[in-house]
Amino acid sequence: MACRSKFVTSAILSGYKQGFNSIGSLVDVGDGTGGLITEIVKVYPHIKGVNFDLPHVISTAPAYNGVSHIDGEMFHAISNIDAIIMKWILHDWDDEDCIKILKNCKKAIPKREWKSDNN
C-alpha cells in the first residue's frame, strides 16, 4: 500500500498544481499518520495542513513541519478549513455513511462566492 500511496501522492501533486495555490488550509480526513498532507505541505508550504483521524491513529503520528494532527471522528465533526482531501476513504463505507461523511465535510468548509477566471 505504501508504494501505491507514493504513486498516487505524486499524481495528486502534479495534477492539481493550480488548485493547491489557492488553498490556505487543508485537512486530510483519514490520513493515518499524515503521509499525504505532509507531502502536500512540503511542496506548498503556504498551506496549513491538518491530519484528521481517529485518536488511536493520531497518537502514533510523527511530528511534521506545517502539519497539525487532530483526532476526531469523521461521522461527528471535521475542523473548519478551506478545503478537504480524502484518499481511499469513501470506498470503505456504504452510501448512507458516505453521505454523512460528505455532509460533515460540507459543514466544515465555509461558504464562499467563487469567481470564474472566464468572467
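Each value in this text was obtained by applying a stated rule to the coordinates, not by laboratory testing. No experiment lies behind these values; they were computed from the predicted model shown.
Here is the size of the range 22-107 from its Cα atoms: Rg then Dmax, 12.3, 36 Å.
Please compare each pair in Lys6/Lys42; Lys17/Lys42; Lys42/Lys100; Lys48/Lys107; Lys17/Lys48; Lys6/Lys107 to a cut-off of 21 Å on the Cα-Cα distance and tell me which ones are over it. With Cα atoms farther than 21 Å apart: Lys42/Lys100; Lys6/Lys107.
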